[in-house]
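The values are calculated or read from the model by the stated rules, or taken from the named source; none is laboratory data. Everything quoted here is computed from the prediction, not taken from an experiment. Note: ideal-geometry Cβ built from the backbone for every residue, glycine included; neighbour counts use all protein chains shown.
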Amino acid sequence: MKDFKGKVAVVTGGASGIGLAVAKALGAKGAKLVLADIEKSALDGAAAALNNAGIETIGVVTNVADRASVEALADATWKRFGACNIVMHNAGVAVFGATQDMTHNDWRWSIDVNLWGPVHGVEAFLPRMLKEGQDGHMVFTASFAGIVPNRALGPYNVTKAGVVALAESLHKDLRGTPIGASVLCPMRVKTNIDNSTRNRPEELGGPAAAHPYEDADSGNLQGRTLTADETAQLVLNGILANRLYLHTHKEARPFFEGRARKIAEAFDAAL
Ligand SMILES: NC(=O)c1ccc[n+]([C@@H]2O[C@H](COP(=O)([O-])OP(=O)(O)OC[C@H]3O[C@@H](n4cnc5c(N)ncnc54)[C@H](O)[C@@H]3O)[C@@H](O)[C@H]2O)c1
């Protein structure tokens, strides 16, 4: 993809944080926007602000955990704009606490949103995009936790590793098509993620199901706290370059190298 002018971009989790910042940055470069989010009040506010800024935007209330809801999002996108070029599979939630303390509903909610969400997005958008043959891009928001697991974030680590694998798979399988794939792997970015239980459905425990948790010593694995806007610029550049891994924090590199080294050294004991 050479530029964003006139392109149609869908961003899930687009009412807040990284998603909203990427949407704004794409809009500033001439893209038309579809913001998808489960939180209606924040979504309405974000869509209105973007329209007031002269960026053509619709907001579609969407639960990415629900396949039919994501199919309806795709329908709404083509109905309004007649095309789709960029999908950022970004909606995500985090449950904090020791892996051994996680309840079945903690796993369910994390996997439903963080992993099924992007899978539903691929199912709903990619076949139509491929059929239309326009330049396109799928961006997945994973996390550095999907590359090196962090303490006290078990279900999150598992889902984000899955998202990294999904993007890597597509990056390979989409070769020779006009559609690229990237995966964003940030350490800390200043957003509302720590308060994600606000959107936890009642049937999976609701907001009250959060674990009492003290941020023990995952410190180094969090890195600096970046802004969502600087993260967004990196995403836009990554789309234009069709770069697979979008790393935000240089300080994350030694942790990846440490993990890779341990995995490689374990081959010393292989048959
Ligand atoms: N902030 C960080 O430090 C950080 C680091 C690494 C990865 N991430 C990832 O970035 C992504 C964006 O999160 P953020 O940090 O901007 O947090 P955020 O809470 O500010 O934004 C997430 C958005 O997703 C929406 N959402 C939650 N559940 C949803 C659902 N079922 N369907 C549709 N929308 C839903 C929320 O309403 C919210 O608007 C997430 O995937 C998160 O895991 C964040």
Quick one: would you say LYS24 is within 16 Å of the chain's Cα centre (by Cα), away from the ligand (no atom under 12 Å from the Cβ) and farther than 18 Å from PHE140 by Cβ? yes
Of the numbered conditions (1) within 13 Å of the ligand (Cβ to nearest atom); (2) of a type outside the set (Ser, Thr, Tyr); (3) under 13 Å from the mean Cα position of the chain (by Cα); (4) not in a helix (DSSP H, G or I), MET138 fails exactly one; give the number of that condition. (1)
Only one of ASP229, ASP268 that is modelled with pLDDT of 95 or more and out of contact with any helix residue (DSSP H, G or I) (no Cβ under 8 Å at 6 or more places or on another chain): ASP268
Among the candidates GLY54, GLY45, residue that is surrounded by fewer than 22 Cβ atoms within 10 Å (Cβ to Cβ), without any contact (Cβ under 8 Å) to a residue 24 or more places away in the chain and either touching a Gly at 6+ places or on another chain (Cβ under 9 Å) or of a type outside the set (D, E, K, R) (or both): GLY54
Strands (runs of 3 or more DSSP E) completely within the stretch 27-118 that count 2 or more residues being more than 14 Å from the chain's Cα centre (by Cα): 32-37, 57-61
Quick one: in the stretch 168-203, of everything that is among the hydrophobic types (A, V, I, L, M, F, W, C) and in a loop (DSSP other than H, G, I, E, B), which residue is nearest to the ligand (Cβ to nearest atom)? MET187
Check on GLY121, surrounded by 23 or more Cβ atoms within 10 Å (Cβ to Cβ), touching a residue at least 24 places away in the same chain (Cβ under 8 Å) and outside any helix (DSSP H, G or I): no
Can you find a residue that is at pLDDT below 95, more than 30 Å from TRP78 (Cα to Cα) and more than 13 Å from the chain's Cα centre (by Cα) anywhere in the stretch 153-166? yes
Among the residues of the stretch 241-264, are any charged (D, E, K, R), surrounded by 12 or more Cβ atoms within 10 Å (Cβ to Cβ), in contact with a strand residue (DSSP E or B) (Cβ under 8 Å, 6 or more places away or on another chain) and within 24 Å of ALA21 (Cβ to Cβ)? yes
